[in-house]
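Inspection log for the structure reproduced underneath, given as structure tokens.
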Amino acid sequence: MSTPTHDPHSAEANPAHPAPADMDEPPAGGSFTRYLLRKLGGAATSMILVIVLGFFAFRMLPGDPVLKIAKERPMSPAQIAELRSQYGLDKPVIVQFWDYLVGIVTGDLGESYVYRKSVSALIGEYLGPTLLLTATAAVIAIALGLWLGQISAWRRNSLFDKLASSTSLIFWSVPTFWLGLILLMIFGGTLQWLPTGGMITPGLDPWSPAGMIDVVEHLILPVVSLVAVVYAQFLMVMRASLLEEMNEDYLTTARAKGLTEDEVRRRHAVPNALLPTVTVVFLHIGGLIAGAVTVEAVFSWPGLGKLTFEAIRGPDLPLLQGTFVVFSAIIIVMNLAADIVYRFLDPRVRRA
């Protein structure tokens, strides 16, 4: 019976050289709570900067909202002064800023100069159509971009790859509002296949079968305008990520086990290539909502984008500040979600 040998260089015998840590586990002190708190702190800092910028930047816009209201109907100087006092515009800027901060904390974003309604109520009313538009566009753009991206990478330098990549880059470089106008003139004006604006034909119940079909018809052109510009970003990121994975040794091992090329791509290459794509997806979901401003203005879609566009024409300061904070908060939340999800997907981030 042989006696066990003692390795002087083992981790047990030599505490000065501990065994290497498991890459799948976070290091000591690198807990998820600490990571989450750090990211929440960064998000809170960004939100504070947004709130400050949203107040002072809009005060620099040309035009006086009170004088514009006075032009719409005859008003005496005393009435103009009373209206300015009613909106709080006669107070010092620092006092207005304090009222603005208190309103954000309490959920009171003020009253719209144009609509004469609570800004919070207006945002709640117009948020639904924006979410419908952007969610539909996001699902289609993500699915289309990732699918075309993986096929382009797997068939790199083929005719399909060249056509898909060049077409996506062309759409990527096109301004969203310009593409929307072209689609509007062709399919809404010349061919008259689709509605030219709005969300539903007046008089229809949106929850009836006919109303739902009508909403889908109104949705087609604005969704296509958003998807055509956005899907290219997902395609190019997915293509580049998958091309990096295609030379890895584990794919050669998978082929040696007898897997088909389709199985190698779906079961091994694509899941690993999705890691960097996750961040892009979350970032651009927030960007889609912000980018809906021009599309909603072009197609008269009754969402936050159209509301923002009308507020700029005022300028309707409380409404501008409210929509700006909401758009920015959505983007910040999406960035935070991307950081959290990516940490769970990639062990290298868990050790960072």
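Here are the numbers for this structure:
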item	result
Test result for Val216, β-branched (Val, Ile, Thr), open to solvent by 30 Å² or more (accessible area, probe 1.4 Å), part of a helix (DSSP H, G or I) and at pLDDT 90 or above	yes
Checking Ala228 against (1) surrounded by fewer than 20 Cβ atoms within 10 Å (Cβ to Cβ); (2) without any contact (Cβ under 8 Å) to a residue 60 or more places away in the chain, the condition it does not meet	(1)
Total residues in region 262-280, condition in contact with a helix residue (DSSP H, G or I) (Cβ under 6 Å, 6 or more places away or on another chain) and within 17 Å of Arg343 (Cβ to Cβ)	7
Complete set of residues in region 106-124 that are buried (at least 16 other Cβ atoms within 10 Å of the Cβ) and either β-branched (Val, Ile, Thr) or in a helix (DSSP H, G or I) (or both)	Val114, Val119, Ser120, Leu122, Ile123
Test result for Thr323, open to solvent by less than 60 Å² (accessible area, probe 1.4 Å), in a helix (DSSP H, G or I), at pLDDT 80 or above and polar (S, T, N, Q)	yes
Yes/no for Gly103 being within 26 Å of the chain's Cα centre (by Cα), surrounded by fewer than 18 Cβ atoms within 10 Å (Cβ to Cβ), part of a helix (DSSP H, G or I) and not hydrophobic (A, V, I, L, M, F, W, C)	yes
Residue within region 154-165 that is closer than 30 Å to Glu217 by Cβ and among the basic types (Lys, Arg) present	no
Leu184 being assigned to a helix (DSSP H, G or I) and either touching a Leu at 6+ places or on another chain (Cβ under 8 Å) or surrounded by 15 or more Cβ atoms within 10 Å (Cβ to Cβ) (or both)	yes
Residues being within 18 Å of Phe56 (Cα to Cα) and out of contact with any helix residue (DSSP H, G or I) (no Cβ under 9 Å at 6 or more places or on another chain) - total across region 69-104	6
Matching residues in region 139-166 - criterion: being of a type in the set (S, T, N, Q) and free of Cβ contacts under 8 Å to residues at least 40 places away in the same chain	Asn157, Ser158, Ser166
Tabulated pairs, region 196-223, first without any contact (Cβ under 8 Å) to a residue 12 or more places away in the chain, second part of a loop (DSSP other than H, G, I, E, B) and among the charged types (D, E, K, R), C-beta under 7 angstrom, 6+ apart or interchain	Gly211/Asp205
Qualifying residue in region 130-144 (condition: open to solvent by 90 Å² or more (accessible area, probe 1.4 Å), farther than 18 Å from Leu235 by Cα and either modelled with pLDDT of 85 or more or not in a helix (DSSP H, G or I) (or both))	no
Subset tally (residues that are assigned to a helix (DSSP H, G or I), over 14 Å from Arg239 (Cα atoms) and not β-branched (Val, Ile, Thr)) for region 156-176	3
Residue, most open to solvent (accessible area, probe 1.4 Å), within region 246-268, restricted to residues that are under 11 Å from Trp154 (Cα atoms) and hydrophobic (A, V, I, L, M, F, W, C)	Met246
Selection count where residues are loosely packed, with under 15 Cβ neighbours inside 10 Å and under 17 Å from Trp301 (Cβ atoms), scope region 199-212	5
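The values are calculated or read from the model by the stated rules, or taken from the named source; none is laboratory data. Please read all numbers here as calculations on a predicted model, not as lab measurements. As a convention, Cβ positions derive from the backbone with ideal geometry for all residues, glycine included, and neighbour counts pool all protein chains shown. In case anyone asks, the SASA skips ligands and DNA or RNA and just uses the protein heavy atoms, side chains included. Shrake-Rupley method; radii C 1.70, N 1.55, O 1.52, S 1.80 Å.
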